[in-house]
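The values are calculated or read from the model by the stated rules, or taken from the named source; none is laboratory data. Please read all numbers here as calculations on a predicted model, not as lab measurements. Please note: Cβ atoms are built from the backbone with ideal geometry, for glycine as well, and neighbour counts cover all protein chains shown. The protein model used for the area step is the full one, side chains on, heavy atoms only, and it has no ligands, DNA or RNA in it. Shrake-Rupley method; radii C 1.70, N 1.55, O 1.52, S 1.80 Å.
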Amino acid sequence: MTTTQRRLLFVGHPDEAEISQWTSVRDLASQQGWATTRRFTPDLITCAIATDDVLGGVCTPAEASTLHAVTASSIPCMRAGDALVQLFARGDVADAPA
């Protein structure tokens, strides 16, 4: 029996205002048994975290392509602050988007 590990994709490079939230999300994800990555692999990503710049279209072509692939795959994508509330607020990832 194989268990699928939840994977959290990080897209972009956080600015000074975002770095502490990204660090918190990465740390909480690790504590909850999530794998984190910066490489988009179809069918392996549970949720994506993107910077405000990436979400606003101020990004590299590679970041835009990754965001497009995430969206096209119907994978939830959010800011780090939203992930702290939606994915980790209760310390329970059972209700997180799958």
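Note down all Cβ pairs under 6 Å where the first residue falls in segment 17-39 and is open to solvent by 50 Å² or more (accessible area, probe 1.4 Å), the second is part of a loop (DSSP other than H, G, I, E, B), and they're at least six residues apart or on different chains.
Leu28/Phe88; Gln32/Val93
If I go through segment 40-68 residue by residue, how many of them are open to solvent by 60 Å² or more (accessible area, probe 1.4 Å) and within 16 Å of Gln5 (Cβ to Cβ)?
Result for segment 40-68: 3.
Filter segment 7-16 for residues that are of a type outside the set (Lys, Arg) and closer than 22 Å to Ser65 by Cα; which is surrounded by the fewest Cβ atoms within 10 Å (Cβ to Cβ)?
Taking the candidates together, the pick is Asp15.
Condition check: of a type in the set (Ser, Thr, Tyr), assigned to a helix (DSSP H, G or I) and open to solvent by less than 40 Å² (accessible area, probe 1.4 Å). Does Thr71 satisfy that?
For Thr71, the condition - of a type in the set (Ser, Thr, Tyr), assigned to a helix (DSSP H, G or I) and open to solvent by less than 40 Å² (accessible area, probe 1.4 Å) - is not met.
Table: residues versus (1) closer than 22 Å to Ala89 by Cβ; (2) of a type in the set (Asp, Glu).
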residue: Glu18; (1), (2): yes, yes
residue: Trp22; (1), (2): yes, no
residue: Arg26; (1), (2): yes, no
residue: Gln31; (1), (2): yes, no
residue: Asp43; (1), (2): no, yes
residue: Thr60; (1), (2): no, no
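Does Trp22 fit the bill of being within 12 Å of the chain's Cα centre (by Cα) and either more than 14 Å from Ala80 (Cα to Cα) or of a type in the set (S, T, N, Q) (or both)?
Judged against the criteria, Trp22 is not a match.
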